[in-house]
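Step one of this worksheet: look at the structure below.
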Amino acid sequence: MSVGKRFKIACIGAGNVGATVAQFCVEMELGDVVLTDVVEGLPQGKALDLTQAGAIRGYGSVVTGTNDYADIADCDVCVVTAGLPRRPGMTRLDLLEKNGKIIAEISQQIVQYAPNSVVVIVTNPLDVMTFMAFRKLGFPPERVVGMAGCLDSARLRAFVAIGLGVNVKTVDAMVLGSHGDDMVPLPQYTTVSGIPITQLLREQHIEAIVERTRKGGGEIVALLKTGSAYYAPGASAARMIQSIVRDEKQLLPCSAYVTGQYDLRDLYVGVPVRLGKDGVEEILELPLTNAQLAGLHKSAEEVRAGIAGLRELRLL
Ligand code: TXD
């Protein structure tokens, strides 16, 4: 009898998103999970809680919590959710500096302990932090990927399902560009059971849905008052991990290193990719309208400005 490989997944950052990624990973039996954080006791406590939940939920994956990076040794996938959210009074550059330093430090640890892993970055500002990790890790670009498009398209799918009163399982969507106000939703590739929403909804309704998707993160922040979304972000990262560890080759919008696709190069931005066991296997080039292509280039400009900010701070 052949026994399948047991995968090991590191969730670096055991905050709201990190712990939710861990929860979905064990529920889906994607592998054993190591939760890591700088705060003593936090990853250990959450790991114990998740282990006990397994007795009821019926998963057998092992969850451990640690403050010691040596415990991520030989992980197959490292998901990085460590970082600060932008707080009132904090400039974009302040956030770049704080999270940039965190990503640099974590990258060093990953190089030391899990040099063969596929790294999924979740920390904001997403595309810039993914580029930073890519540079600091020195891994081939296909092994460093950012999570944003999966979340943005999940939001778009949810709003289409609500708008049409259909089951969200029948809705597919594609959102490209950078994570934030400059994301580029693609209505012509957003479908309900294969039918583009352009055939099902009036233009004004589509525009309203697209606008709500664009502001999807902010809507939740305003409702929660403290903190930001974590269920859908956690589910989105887990979906990417699923495609990697099971080599499912799902076609997902992810932040990937472009080398000329869409006439963009040497940066990370949201594009459709085929995600498998070695990470980004291919970036697909879809026909876009001129406005969508311009939107993608505007996104890229934003990312470039962030990268320039990191250079200004001498973090790159
Ligand atoms: O679509 C997306 N990419 C995103 C991104 C969707 C949701 C959240 N997004 C970003 O993820 C968010 O803007 C933050 O930058 C991260 C994490 O969000 P989360 O909501 O989980 O933040 P928390 O709950 O504050 O958790 C962050 C944890 C916290 O426990 C810190 O102690 C820890 O990060 N932290 C560290 N862990 C390890 N190593 C270092 N250096 C470190 N610094 C902080």
Check your understanding: Could you give every pair whose Cβ atoms fall below 7 Å, whose first residue belongs to segment 4-25 and is at positive phi, and whose second residue is aliphatic (A, V, I, L, M) and open to solvent by less than 30 Å² (accessible area, probe 1.4 Å), counting only separations of at least 6 or pairs across chains?
Key -> Gly13/Val80; Gly13/Ala82
Practice item. Looking at (1) of a type in the set (A, V, I, L, M, F, W, C); (2) open to solvent by 30 Å² or more (accessible area, probe 1.4 Å); (3) farther than 25 Å from Met132 by Cβ, find the lone condition where Val192 falls short. Key: (2)
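Just give me the residues in segment 118-136 being within 14 Å of the ligand (Cβ to nearest atom) and in a strand (DSSP E or B), in sequence order.
Taking segment 118-136 as the starting set, the residues that turn out to be within 14 Å of the ligand (Cβ to nearest atom) are 119-133, 136.
Answer for segment 118-136, where residues must be within 14 Å of the ligand (Cβ to nearest atom) and in a strand (DSSP E or B): Val119, Val120, Ile121.
Here's a check for you: in segment 61-117, which residue that is among the hydroxyl-bearing types (Ser, Thr, Tyr), away from the ligand (no atom under 11 Å from the Cβ) and assigned to a loop (DSSP other than H, G, I, E, B) is most open to solvent (accessible area, probe 1.4 Å)? First the steps, then the outcome.
So in segment 61-117, the residues among the hydroxyl-bearing types (Ser, Thr, Tyr) come out as 61, 64, 66, 69, 81, 91, 107, 113, 117.
Adding the requirement that they be away from the ligand (no atom under 11 Å from the Cβ) leaves 61, 64, 91, 113, 117.
Now drop any that are not assigned to a loop (DSSP other than H, G, I, E, B), which leaves 61, 91, 117.
Numbers: Ser61: 15, Thr91: 69, Ser117: 0 Å².
Of everything passing the filter in segment 61-117, Thr91 is most open to solvent (accessible area, probe 1.4 Å).
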Review point. Hey, does segment 218-230 have a residue that's within 16 Å of the ligand (Cβ to nearest atom) and open to solvent by less than 10 Å² (accessible area, probe 1.4 Å)?
Key: no
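Say whether the condition of being within 13 Å of Ser61 (Cα to Cα) and either open to solvent by 10 Å² or more (accessible area, probe 1.4 Å) or touching a Leu at 6+ places or on another chain (Cβ under 8 Å) (or both) is met by at least one residue in segment 14-23.
Taking segment 14-23 first, the residues within 13 Å of Ser61 (Cα to Cα) are 22-23.
Still in the running and either open to solvent by 10 Å² or more (accessible area, probe 1.4 Å) or touching a Leu at 6+ places or on another chain (Cβ under 8 Å) (or both): 22-23.
Looking for residues that are within 13 Å of Ser61 (Cα to Cα) and either open to solvent by 10 Å² or more (accessible area, probe 1.4 Å) or touching a Leu at 6+ places or on another chain (Cβ under 8 Å) (or both), one finds at least one in segment 14-23, hence yes.
Suppose we keep only residues that are in a loop (DSSP other than H, G, I, E, B) and either in contact with a strand residue (DSSP E or B) (Cβ under 8 Å, 6 or more places away or on another chain) or at pLDDT below 95 (or both) within segment 8-34. Which one would you say is nearest to the ligand (Cβ to nearest atom)?
Filtering segment 8-34 down to residues in a loop (DSSP other than H, G, I, E, B) leaves 13-15, 28-31.
Of the ones still in play, those that are also either in contact with a strand residue (DSSP E or B) (Cβ under 8 Å, 6 or more places away or on another chain) or at pLDDT below 95 (or both) are 13-14, 30-31.
Details: Gly13: 4, Ala14: 5, Leu30: 19, Gly31: 20 Å.
This residue is Gly13.
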Practice item. Could you tell me which residue of segment 35-60 is least open to solvent (accessible area, probe 1.4 Å), considering only residues that are within 11 Å of the ligand (Cβ to nearest atom) and hydrophobic (A, V, I, L, M, F, W, C)? Key: Leu35
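May I ask you to verify whether Asp181 is more than 21 Å from Glu301 (Cβ to Cβ) and open to solvent by 20 Å² or more (accessible area, probe 1.4 Å)?
When the stated conditions are applied, Asp181 does not pass them.
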Check your understanding: Of (1) assigned to a helix (DSSP H, G or I); (2) in contact (Cβ under 8 Å) with a residue 60 or more places away in the chain, Ile209 satisfies all except one. Which?
Key -> (2)
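Applying the selection to segment 137-155, what residues are outside any loop (DSSP other than H, G, I, E, B), away from the ligand (no atom under 13 Å from the Cβ) and of a type outside the set (Asp, Glu)? Walk me through how you get there before you give the answer.
First pass over segment 137-155, keeping only residues outside any loop (DSSP other than H, G, I, E, B): 137, 141-146, 149-155.
If we keep only those that are away from the ligand (no atom under 13 Å from the Cβ) as well, we get 137, 141-144.
Across segment 137-155, the qualifying residues are Leu137, Pro141, Arg143, Val144.
The values are calculated or read from the model by the stated rules, or taken from the named source; none is laboratory data. Model, not experiment: these values are computed from the prediction. Reconstructed Cβ throughout: ideal geometry from the backbone, glycine too, with neighbour counts over all protein chains shown. Each accessible area value is taken on the protein alone, full model and side chains, heavy atoms only, with ligands, DNA and RNA left out. Shrake-Rupley method; radii C 1.70, N 1.55, O 1.52, S 1.80 Å.
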